[in-house]
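The values are calculated or read from the model by the stated rules, or taken from the named source; none is laboratory data. Everything quoted here is computed from the prediction, not taken from an experiment. Cβ placement follows ideal geometry from the backbone for every residue including glycine, while neighbour counts extend to all protein chains displayed. We work out accessible area using only protein heavy atoms, side chains counted, and drop any ligands, DNA or RNA first. Shrake-Rupley method; radii C 1.70, N 1.55, O 1.52, S 1.80 Å.
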Amino acid sequence: PLQGVVASITAAPPTVEDAIGNTGGNAGNFTLTHLVDYLTGTAGDDVFQAPVTQNGTGSGQLANTFETGDVLDGGAGRNVLNASLIDSGNVSFPGTAPAISATTKNIQEVYLRAQAPQLDLLINNSTIDAENMQGVEQWWTSNSRSNIQIEDIRTDTAATAFGMRLTDPGVSYSAYFN
């Protein structure tokens, strides 16, 4: 088995698809729901999928599955979060949706796919408030149709990488460390 793994190593740099598809041995593939999620990964390289889905009311309205209130622990291994995002919404005050402020740890790579603008009009238009996202080493915008702004990144700037790939024309990407 190890010979097969070693034989597959090449000098080519990894792609986003490789990272997204890398689930390693004893790994888990977890899918978030539109409700609050408490998920813990395995000893392997886990992937946490957070698609946009219809909310549970039957109205056909769409909702993020990666949202404020989610608590994700990747466990051991090298772990990935893939999140598709739309405006998170605020029922009481439309147009004032706060940035998503989930809690994560032991998730090293985060791939965000913004499909609609975040309407945080009264604050600063951030998509993600990363204050509670511990240990993220790579932040990506991948195949986004809208801008992404990440605030309150708490990792060492020298140990944090950013990538932007396959976005629509005119899409921007901003990151702010705290």
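General remarks:
- Candidate set from segment 135-163 (those that are part of a loop (DSSP other than H, G, I, E, B) and of a type in the set (D, E, K, R)); member that is farthest from Phe177 (Cα to Cα): Arg145
- Residue count for segment 42-75, restricted to those that are over 15 Å from Glu109 (Cβ atoms), hydrophobic (A, V, I, L, M, F, W, C) and part of a loop (DSSP other than H, G, I, E, B): 1.
- Segment 33-86 - residue that is among the aromatic types (Phe, Trp, Tyr) and more than 18 Å from Thr127 (Cα to Cα) and, of those, most open to solvent (accessible area, probe 1.4 Å): Tyr38
- Within segment 150-178, the residues that satisfy the criterion of being touching a residue at least 40 places away in the same chain (Cβ under 8 Å) and open to solvent by less than 80 Å² (accessible area, probe 1.4 Å) are Glu151, Gly163, Arg165, Val171.
- In this entry, Gly89 passes the filter for residues that are crowded, with 18+ Cβ neighbours inside 10 Å, modelled with pLDDT under 90, part of a loop (DSSP other than H, G, I, E, B) and more than 11 Å from the chain's Cα centre (by Cα).
- The residue that is least open to solvent (accessible area, probe 1.4 Å), counting only those in segment 106-133 that are in a loop (DSSP other than H, G, I, E, B) and at pLDDT 95 or above, is Ile107.
- The set of residues from segment 38-63 being modelled with pLDDT under 90 and closer than 23 Å to Ser142 by Cα comprises Gln54, Leu62, Ala63.
- Sole exception among (1) at pLDDT 95 or above; (2) in contact with a helix residue (DSSP H, G or I) (Cβ under 7 Å, 6 or more places away or on another chain); (3) not acidic (Asp, Glu) for Ser101, by number: (1)
- Checklist (1) at pLDDT below 85; (2) open to solvent by less than 50 Å² (accessible area, probe 1.4 Å); (3) β-branched (Val, Ile, Thr) applied to Thr10, failing item: (2)
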